[in-house]
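Undergrad: Here's a structure for you.
The values are calculated or read from the model by the stated rules, or taken from the named source; none is laboratory data. No experiment lies behind these values; they were computed from the predicted model shown. A quick note on method: Cβ atoms are made from the backbone with ideal geometry, for glycine too, and the neighbour counts reach across all protein chains shown. Each accessible area value is taken on the protein alone, full model and side chains, heavy atoms only, with ligands, DNA and RNA left out. Shrake-Rupley method; radii C 1.70, N 1.55, O 1.52, S 1.80 Å.
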Amino acid sequence: MQLFRSIGFSAVVAGVAAGAVITVIQQLGTVPLILKAETYEKGQRAKSAEPPSAPVTVGHSHAESAVAEHEHEHEHEHGAEAWEPEDGLQRNAFTAGANVLTAVGFALVLAALFAFRTGHGAHGIHWHEGLLWGLAGFTVFTLAPGLGLPPELPGVPAAPLLSRQIWWALAALAAAGGLSLIFLRRTAPASIAGLILIILPYLVGAPELENVETSVPTSLSHQFAVTVTVTSLVFWSVLGSLTSIAFAYFDRSASEVPPA
């Protein structure tokens with residue numbers, strides 16, 4: 001019971017702290033790029049929503065005009081149904097909440113791994129070991145999938161969502177399995193098998209569109225991909241280090257409490 005408390009408490013503390021840190025970094029790095037891309041996206045939507053100029057023809061009935069006006073109003077109402085948080089406090093609050101929940105979830109996994117690796121205790125867990133596990137998480141969940149499917153800004157066309165999700169999961173699982181074979185088994189055959197497993201998703205190829213037409217500048221997309229990758233690197237480094245420190249502290253405190 002004390003072990004589960006140590007895992008839970010350490011995950012909450014490390015997750016909240018890492019989520020708060022990454023939210024601040026996002027406000028300074030990725031959020032301005034997303035807002036800038038959204039201006040291009042909205043401009044493109046407004047341009048595509050403009051009715052094409054048609055030549056004036058004799059005999060154009062009022063009924064046809066009414067039908068066209070009704071269809072335009074229907075499209076406008078349908079587009080208005082899509083809800084999104086307002087810019088400012090509401091949007092930032094949703095972003096912070098999502099970051100904290102994500103961080104707590106990953107911290108639970110890390111703390112459970114620490115407990116398993118050290119024989120259900122925090123003895124031998126140090127922050128630099130947590131940092132290494134955090135870097136492994138960065139490789140599995142960001143670097144490996146990002147090499148085939150880089151982060152995309154709003155307004156940039158992409159392949160169908162389901163195919164991208166399947167390939168993303170394949171790349172993440174292959175990276176996790178490959179790293180486990182290389183660093184946990186530590187044998188030549190296992191390392192070779194791990195490298196082959198890591199490369200496999202790229203041999204299959206990530207889904208992509210043949211022709212991409214967007215008003216978002218290519219330089220902005222490249223800047224966004226680099227910023228997201230660096231932000232994720234900081235997130236996983238902080239999360240791994242803090243989780244190991246918090247887990248060692250709570251487990252040590254629990255073991256020092258005398259039985260009732």
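Undergrad: Between region 3-31 and region 132-176, what's the alpha-carbon centroid distance in Å?
TA: Result: 21 Å between the Cα centres.
Undergrad: Count charges around residue 158 for me, please; just the other residues with Cβ under 15 Å from its Cβ, Lys/Arg as +1, Asp/Glu as -1. Intermediate values should be presented prior to the final figure.
TA: Working: positive: 164; negative: 41, 152, 208, 210, 213.
Net charge around residue 158: -4.
Undergrad: When only the heavy atoms of the protein chains count and the probe is 1.4 Å, how do 12, 204 rank by accessible area, highest first?
TA: Details: 12 75, 204 100 Å².
The ranking, largest first, comes out as 204, 12.
Undergrad: Can you give me the solvent accessible area of residue 156 with a 1.4 Å probe, rounded to the nearest 10 Å²?
TA: About 40 Å², ignoring ligands and nucleic acids.
Undergrad: Let me ask another. How would 3, 147, 35 rank on accessible area, largest to smallest, probe 1.4 Å?
TA: Working: 3 40, 147 120, 35 70 Å².
Sorted by accessible area, descending: 147, 35, 3.
Undergrad: Round to the nearest 10 and report in Å² the accessible area of residue 141, as given by a 1.4 Å probe over the protein chains' heavy atoms.
TA: Result for residue 141: roughly 80 Å² accessible.
Undergrad: Provide the gained length on full extension for the span residue 192 to residue 126, in nm with one decimal, where the gain is 0.36 nm per separating residue minus the Cα-Cα distance.
TA: On the way: separation 66, 0.36 × 66 = 23.76 nm, distance 2.94 nm.
The span from residue 192 to residue 126 would gain 20.8 nm if fully extended.
Undergrad: Taking square-rooted eigenvalues a ≥ b ≥ c of the alpha carbon gyration tensor, is region 97-181 rounded, prolate or oblate, where a/c under 1.5 means rounded and, failing that, a/b exceeding b/c means prolate? Spell out each step's value before the answer.
TA: Values: a/c = 2.75, a/b = 1.97, b/c = 1.40.
In terms of gyration-tensor shape, prolate.
Undergrad: For a quick check of understanding: with a 1.4 angstrom probe and all protein chains in place, what accessible area in square angstrom does residue 245 have, to the nearest ten?
TA: Roughly 90 Å² of residue 245 is accessible to a 1.4 Å probe.
Undergrad: Rank these residues by their accessible area, most exposed first, probe 1.4 Å: 133, 236.
TA: Numbers: 133 55, 236 15 Å².
I get 133, 236, largest accessible area first.
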